[in-house]
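K.L.:
Handing you this structure, nothing more for now.
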Amino acid sequence: MHMSLSPATDTLTLKSTFGHYPSGVAAISAEVDGVALVLVSSSFTVGVSLDPPLVMFAVQHSSQTWPQLKTAARLGVSVLSSEQDALCRQLSSGDRSKRFDGVDLIPTDSDAVLFEGASAWMQCSVFAEHRAGDHDIVVLRVHAHNSDLDSDPLVFHGSAFRRLP
């Protein structure tokens, strides 16, 4: 079999190639100065390390939310469930004033914000940030966690939300 590869400078086909790999979707959220903030990530990765417990995601340099969000002592990470594609769209909408309208939150003992109905939850703090092209790779230390084993995660694949079969 002969296969030709596109150059990495072909961003249109590169984006398509990246989109061919499925990933989970996580809402990273906290209350900062009395205001709830949320960032939705389709690059969230678990299992970076067990000792210490670390997870990571990538955030664009152009994000207006991350510079505020990272100041929180604790961040809530909610791995969205397969039933939460509409919630995901709401949380990532351009109208920041309506992102939390009608959304059920789980109370925490910190500034971390967690979303009801997710398939997994973690309370984290920023462990490290690494510059990587037009993004930063953010490594989070997990301080507490829980999961709903009966709930499948929301999957992002081929520029669309999907469910596990």
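The values are calculated or read from the model by the stated rules, or taken from the named source; none is laboratory data. Bear in mind the structure is a predicted one, so any value in this text is a computation, not a measurement. Cβ coordinates were reconstructed from backbone atoms using ideal geometry, including for glycine residues, and neighbour counts include every protein chain displayed. Areas reflect the complete protein model, heavy atoms only, side chains present, ligands, DNA and RNA absent. Shrake-Rupley method; radii C 1.70, N 1.55, O 1.52, S 1.80 Å.
K.L.:
So is THR13 surrounded by 12 or more Cβ atoms within 10 Å (Cβ to Cβ), over 24 Å from ALA160 (Cα atoms) and hydroxyl-bearing (Ser, Thr, Tyr) or not?
P.N.:
No: the conditions fail for THR13.
K.L.:
Only residues that are of a type in the set (Ser, Thr, Tyr) and within 21 Å of ALA144 (Cβ to Cβ): list them for segment 84-134, please.
P.N.:
THR108, SER110, SER119, SER125, listed by residue number.
K.L.:
Oh, and also: How many residues does segment 1-10 contain that are under 30 Å from LEU164 (Cβ atoms) and either outside any loop (DSSP other than H, G, I, E, B) or hydroxyl-bearing (Ser, Thr, Tyr) (or both)?
P.N.:
1
K.L.:
Something else about it: Under 7 Å between Cβ atoms, which residue pairs at least 6 apart in sequence (or on different chains) link something in segment 64-92 that is within 10 Å of VAL38 (Cα to Cα) with a partner that is open to solvent by 10 Å² or more (accessible area, probe 1.4 Å) and of a type in the set (Ser, Thr, Tyr)?
P.N.:
Within 7 Å, the pairs are LEU75/SER125; GLY76/THR108.
K.L.:
I would also like to ask the following. Is it the case that PRO107 is more than 21 Å from PRO153 (Cβ to Cβ) and modelled with pLDDT of 95 or more?
P.N.:
No, not satisfied.
Table: residues versus (1) open to solvent by 30 Å² or more (accessible area, probe 1.4 Å); (2) part of a strand (DSSP E or B); (3) out of contact with any strand residue (DSSP E or B) (no Cβ under 6 Å at 6 or more places or on another chain).
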{"site": "THR17", "(1), (2), (3)": "yes, no, yes"}
{"site": "ALA26", "(1), (2), (3)": "no, yes, no"}
{"site": "SER43", "(1), (2), (3)": "yes, yes, no"}
{"site": "VAL48", "(1), (2), (3)": "yes, yes, no"}
{"site": "LEU54", "(1), (2), (3)": "no, yes, no"}
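K.L.:
Follow-up question, since we're still on this one. Going through segment 107-131 one residue at a time, which ones are in a strand (DSSP E or B) and more than 17 Å from the chain's Cα centre (by Cα)?
P.N.:
Result: ARG131, single match.
K.L.:
Could you please give the count of residues in segment 132-158 that are outside any loop (DSSP other than H, G, I, E, B) and in contact with a helix residue (DSSP H, G or I) (Cβ under 9 Å, 6 or more places away or on another chain)?
P.N.:
Residues in segment 132-158 being outside any loop (DSSP other than H, G, I, E, B) and in contact with a helix residue (DSSP H, G or I) (Cβ under 9 Å, 6 or more places away or on another chain): 4 in total.
K.L.:
Of the conditions (1) closer than 19 Å to GLU31 by Cα; (2) among the aromatic types (Phe, Trp, Tyr); (3) open to solvent by 30 Å² or more (accessible area, probe 1.4 Å), PHE115 fails just one. Which one is it?
P.N.:
(3)
K.L.:
Six or more apart or on different chains, Cβ under 6 Å: which pairs go from a residue in segment 146-158 that's at positive phi to one that's surrounded by 13 or more Cβ atoms within 10 Å (Cβ to Cβ)? Could you list them?
P.N.:
Listed pairs, sorted by first residue: GLY158/GLY19.
K.L.:
Restricting to segment 67-91, name every residue that is open to solvent by 10 Å² or more (accessible area, probe 1.4 Å) and in a helix (DSSP H, G or I).
P.N.:
Those that are open to solvent by 10 Å² or more (accessible area, probe 1.4 Å) and in a helix (DSSP H, G or I): PRO67, GLN68, ASP85, ALA86, LEU87, ARG89, GLN90.
K.L.:
Limited to segment 109-165, what total is found for residues that are farther than 17 Å from ALA58 by Cβ and out of contact with any strand residue (DSSP E or B) (no Cβ under 8 Å at 6 or more places or on another chain)?
P.N.:
So the answer is 6.
K.L.:
Against the conditions (1) outside any strand (DSSP E or B); (2) over 17 Å from VAL139 (Cβ atoms); (3) among the small types (Gly, Ala, Ser); (4) open to solvent by 20 Å² or more (accessible area, probe 1.4 Å), where does ALA36 fall short? Just the number, please.
P.N.:
Status for ALA36: all satisfied but (1).
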